[in-house]
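Laboratory data are not the source of any read-out in this text; all were calculated from the coordinates shown. What you see is a predicted model; the values in this text were computed from it and never measured. No Cβ is skipped: glycine too gets one built from the backbone with ideal geometry, and neighbour counts run over all protein chains shown.
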Amino acid sequence: MPARIEEELKKLIKLKFEVSHMSNAKWRKLFTALDPIEIRSAYWKFVDLDSEFQDRFIKSDALMGKFVGDMGLIVGPFAYRRIEWLEIPIIAKDPIEPKVAFLNFEQNIQQIEEILNSIGHFKILKTKRGLRIVGHE
């Protein structure tokens, strides 16, 4: 990631948020710890986007030092610090056919929360939809 883009991202985060709960190392630790669990879908909110989007969950083979590589989301490579929050829904809906119920998949939110609590301190919120990990607020 070019240094200019990284600096702009840091400035934006300082303007918009009071607290950053996650570092690059903590995001890598989170994604690596959850690798063995089948998590098909997540909702992502980036600091520089106005709305959330649904996409697949990151596997550890996409992780790099300061960013997720091009094996990550549809949005391509991105810096960990860009993640405002990540929400893992209880019910993962198929991104192509979200209204087709038999394509939906239940994700074990309780197991995910237990793993995260066992490996460190994360800002975790329980929502109606699932489990939200907060990067910045």
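Listed from fewest to most Cβ neighbours within 10 Å, the set His136, His21 follows the order His21, His136. Take every pair of alpha-carbon atoms less than 8 Å apart whose residues are at least six positions apart; their mean separation over the length of the chain yields a relative contact order of 27 percent.
The stretch between Met64 and Ile124 holds 19.3 nm of extra length on full extension. This uses 0.36 nm per residue minus the Cα-Cα distance. Applying a threshold of 28 Å to the alpha-carbon distances of Lys66/Lys99; Lys16/Lys126; Lys14/Lys93; Lys11/Lys123; Lys14/Lys99; Lys11/Lys99 flags Lys66/Lys99; Lys14/Lys93; Lys14/Lys99; Lys11/Lys99 as lying beyond it.
Computed across segment 3-134, the Kirkwood hydrodynamic radius from all distinct Cα-Cα pairs reaches 15.4 Å. Principal semi-axes of the equivalent ellipsoid, √(5λ) from the alpha carbon gyration tensor of segment 1-46, are 25, 13, 11 Å from largest down.
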